[in-house]
């Protein structure tokens, strides 16, 4: 953990801001993995499952694009990997229901 001091009012602000951002990103990351799995377990129709996966992937891509300064190719790769994880989960759900 990095502690930086700034001179002037609010001298320890950088430390608090950095810690808060790390906690927020951790919670958001966990939520973006858990929420689709919970939602997909309640959806029984394949077209609705694929629509939900698409929507979650779009939300993930937008969050990554807004929250980071990464290049488009990196954002594309991260979003594709995220969507692949969700598609494997859907495939497992479908396989288990047969």
Quickly run through region 26-43 and pick out the residues that are farther than 16 Å from residue 61 by Cβ and in contact (Cβ under 8 Å) with a residue 12 or more places away in the chain.
37, 39, 40, 41
Being assigned to a helix (DSSP H, G or I) and modelled with pLDDT of 90 or more, is that true of even one residue in region 5-23?
no
Subset tally (residues that are assigned to a helix (DSSP H, G or I) and more than 19 Å from residue 31 (Cβ to Cβ)) for region 50-73:
4
Residue in region 43-59 that is at pLDDT 90 or above, over 20 Å from residue 94 (Cα atoms) and surrounded by 12 or more Cβ atoms within 10 Å (Cβ to Cβ) present
yes
From the residues in region 60-80 that are at pLDDT 90 or above and surrounded by fewer than 11 Cβ atoms within 10 Å (Cβ to Cβ), which one is farthest from residue 42 (Cα to Cα)?
71
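The values are calculated or read from the model by the stated rules, or taken from the named source; none is laboratory data. Owing to the predicted nature of the structure, the values given are computational and were not obtained by experimental measurement. Backbone-built Cβ (ideal geometry, glycine too); neighbour counts: all protein chains shown.
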